[in-house]
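**Q** Questions regarding the structure given below will be posed in turn.
The values are calculated or read from the model by the stated rules, or taken from the named source; none is laboratory data. Since this is a predicted model, take the numbers as computed values, not measurements. Positions of Cβ are backbone-derived with ideal geometry, glycine not excepted, and every protein chain shown enters the neighbour counts. With ligands, DNA and RNA removed, areas are computed over all heavy atoms of the protein, side chains included. Shrake-Rupley method; radii C 1.70, N 1.55, O 1.52, S 1.80 Å.
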Amino acid sequence: MKRKSLAGLAAVVLAAGTAVSCGSSDPEVTSDGRTVLKLAIATPTWNAGFATLAVAEARKYFATEKVDVRVSTFASGTQVAQQVIAGQSDIGLMTAEPVGIGREKGTRLVYFAGYYPKWISNIQVPKGSGVRTIRDLPGKRVGVTAVASSGTTFVRTAMKMEGLDAATVKFIPIGGGSEQINAIKSGKVDALGLWDTQYQIVKNAGISLTPIPVASTAGIFGGGFAVKPDMLKKRQDDLTRFGRAMAKAMVFAQANPSAAVRDMWRLHPESKPTVSGSEDTVLAGQVKVLQVRLDGQGVEPGHDRWGEMNEKAVTATVSFMRQAGLIDKAFPAADIYTNDLIPAINKFSFAEVRAAAKGAQ
């Protein structure tokens with residue numbers, strides 16, 4: 001995977017508050033006593049798949065847990081991983097590929113809470129495309145959010161597993177939002193290398209898509225919130241409080257997804273689609289995107305445990321990366337994840353959060 005310069009990338013700050021430095025080796029603390037946590041996420045634009053982050057801010061879950069979370073957006077998981085490794089961000093929300101590859105290259109990251117309980121990348125084609133199978137991809141144009149995105153990596157991986165040369169494909173960066181939709185509608189691409197919520201956004205725009213069969217990724221772990229090992233040791237309490245706020249946000253969003261989307265619109269007005277139709281219709285489409293992300297999170301009634309990662313699933317992910325040639329040798333799943341913080345993260349009343357969410361607007 002090629003490394004790209006991070007210079008010039010736009011950052012979006014989610015939380016307000018003047019930070020006061022506590023010393024070069026200590027975390028920043030705001031004037032009202034909240035610990036600053038810098039979070040990098042991989043998305044070209046704010047969308048409903050990340051509405052739970054807005055919920056955690058808007059519903060004061062971050063504030064209650066005494067953390068001031070400052071979110072920066074980047075075009076790819078690779079760039080997110082680089083941010084964390086370089087110490088520019090404390091936490092990275094990313095898929096498994098950059099973490100697995102980094103582990104092999106000596107830049108280890110560890111997941112402390114899951115966010116993508118299943119593999120999220122796949123390949124789909126718009127109506128009229130001549131692509132029917134992976135073997136049809138050579139010579140075609142594949143739309144991706146960014147050349148260094150996890151979607152690009154997955155397309156390369158799928159082709160390699162079929163014995164094909166990914167260099168025969170032209171990857172077209174189509175970003176997100178209206179730029180992405182216009183590129184697809186105008187016929188600039190023959191296939192797409194995106195992920196679950198991105199595909200739902202495309203479908204909401206009235207674009208018909210057909211999935212392309214790929215070597216099975218069923219039952220494998222997709223990724224989550226990762227940090228450097230020393231961060232896990234030194235700031236365990238901060239990470240636990242961050243995780244608890246996110247768990248509350250997940251419970252809230254599951255109980256009232258419409259209110260969660262509206263929270264995102266209020267904090268990030270640019271995330272509200274400017275399409276024809278009533279606001280209720282637009283909201284319904286955004287709720288579909290959010291529900292894709294909520295699926296399998298473990299926050300529905302009767303499953304009060306968010307963020308826990310399954311050893312078998314993580315092991316299967318490592319095995320998949322080895323078979324796909326993303327890493328040269330398999331390694332123990334425990335090298336890249338821990339559930340040690342999960343019990344404390346889930347130490348709150350799920351019922352109280354659900355009850356508060358029911359009447360929220």
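**Q** Picking from G219, G187, G177, which residue would you name as being surrounded by fewer than 19 Cβ atoms within 10 Å (Cβ to Cβ), touching a Lys or Arg at 6+ places or on another chain (Cβ under 9 Å) and either in contact (Cβ under 8 Å) with a residue 60 or more places away in the chain or over 21 Å from Y115 (Cβ atoms) (or both)? Step through it out loud before you land on a result.
**A** On the way: G187 fails: touching a Lys or Arg at 6+ places or on another chain (Cβ under 9 Å); G177 fails: touching a Lys or Arg at 6+ places or on another chain (Cβ under 9 Å).
That would be G219, the only listed residue that is surrounded by fewer than 19 Cβ atoms within 10 Å (Cβ to Cβ), touching a Lys or Arg at 6+ places or on another chain (Cβ under 9 Å) and either in contact (Cβ under 8 Å) with a residue 60 or more places away in the chain or over 21 Å from Y115 (Cβ atoms) (or both).
The rows are residues; the columns are (1) of a type in the set (F, W, Y); (2) open to solvent by 40 Å² or more (accessible area, probe 1.4 Å); (3) closer than 26 Å to K228 by Cβ.
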site: G285; (1), (2), (3): no, no, no
site: K288; (1), (2), (3): no, yes, no
site: G296; (1), (2), (3): no, yes, no
site: P301; (1), (2), (3): no, yes, no
site: D304; (1), (2), (3): no, yes, no
site: A316; (1), (2), (3): no, no, yes
site: R322; (1), (2), (3): no, yes, yes
site: A333; (1), (2), (3): no, no, yes
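**Q** Please work out if Y115 is of a type in the set (S, T, Y), surrounded by 22 or more Cβ atoms within 10 Å (Cβ to Cβ) and within 25 Å of I174 (Cα to Cα). Please lay out each step first, then the result.
**A** Working: of a type in the set (S, T, Y): yes; surrounded by 22 or more Cβ atoms within 10 Å (Cβ to Cβ): yes; within 25 Å of I174 (Cα to Cα): yes.
It is true that Y115 is of a type in the set (S, T, Y), surrounded by 22 or more Cβ atoms within 10 Å (Cβ to Cβ) and within 25 Å of I174 (Cα to Cα).
**Q** If you don't mind, there's one more thing I want to ask. When only residues in the range 95-112 that are touching a residue at least 12 places away in the same chain (Cβ under 8 Å) and over 17 Å from the mean Cα position of the chain (by Cα) count, which is surrounded by the most Cβ atoms within 10 Å (Cβ to Cβ)?
**A** From the range 95-112, those touching a residue at least 12 places away in the same chain (Cβ under 8 Å) are 95-104, 107-112; that's our starting set.
Retained after the next criterion (residues that are over 17 Å from the mean Cα position of the chain (by Cα)): 101-104, 107-108.
Working: I101: 17, G102: 22, R103: 18, E104: 16, T107: 16, R108: 15.
Across the range 95-112, the extreme among qualifying residues is G102.
**Q** So which residues in the range 53-68 are under 16 Å from the mean Cα position of the chain (by Cα) and closer than 19 Å to A344 by Cβ, if there are any at all? Give the steps one after another, and end with the answer.
**A** So in the range 53-68, the residues under 16 Å from the mean Cα position of the chain (by Cα) come out as 53-56.
Once the filter is applied, which keeps residues that are under 16 Å from the mean Cα position of the chain (by Cα) and closer than 19 Å to A344 by Cβ, the range 53-68 yields only A56.
**Q** Given the criterion at pLDDT below 95, out of contact with any Cys (no Cβ under 7 Å at 6 or more places or on another chain) and open to solvent by 30 Å² or more (accessible area, probe 1.4 Å), identify the matching residue among K170, K160. Give the steps one after another, and end with the answer.
**A** Working: K170 fails: at pLDDT below 95.
Just a single option satisfies the conditions, and that option is K160.
**Q** Looking only at the range 41-71, which residues are open to solvent by 20 Å² or more (accessible area, probe 1.4 Å) and assigned to a helix (DSSP H, G or I)?
**A** E57, A58, Y61, A63, T64
**Q** So, in the range 72-94, exactly how many residues are in a strand (DSSP E or B) and either open to solvent by 10 Å² or more (accessible area, probe 1.4 Å) or modelled with pLDDT under 95 (or both)?
**A** First, pick out the residues of the range 72-94 that are in a strand (DSSP E or B): 72-74, 91-94.
Narrowing the set further to residues that are either open to solvent by 10 Å² or more (accessible area, probe 1.4 Å) or modelled with pLDDT under 95 (or both) leaves 72-74.
Here the count works out to 3.
**Q** Please specify each residue of the range 119-141 satisfying the condition of being modelled with pLDDT of 95 or more and within 19 Å of T43 (Cβ to Cβ).
**A** Residue satisfying the conditions is Q124 alone.
**Q** When the range 146-157 is examined, which residues are found to be open to solvent by less than 70 Å² (accessible area, probe 1.4 Å) and in contact with a helix residue (DSSP H, G or I) (Cβ under 6 Å, 6 or more places away or on another chain)? Explain how you work it out, then say what you get.
**A** Restricting attention to the range 146-157, the residues satisfying the condition of being open to solvent by less than 70 Å² (accessible area, probe 1.4 Å) are 146-155, 157.
Within the range 146-157, A148, S150, T153 meet the criteria.
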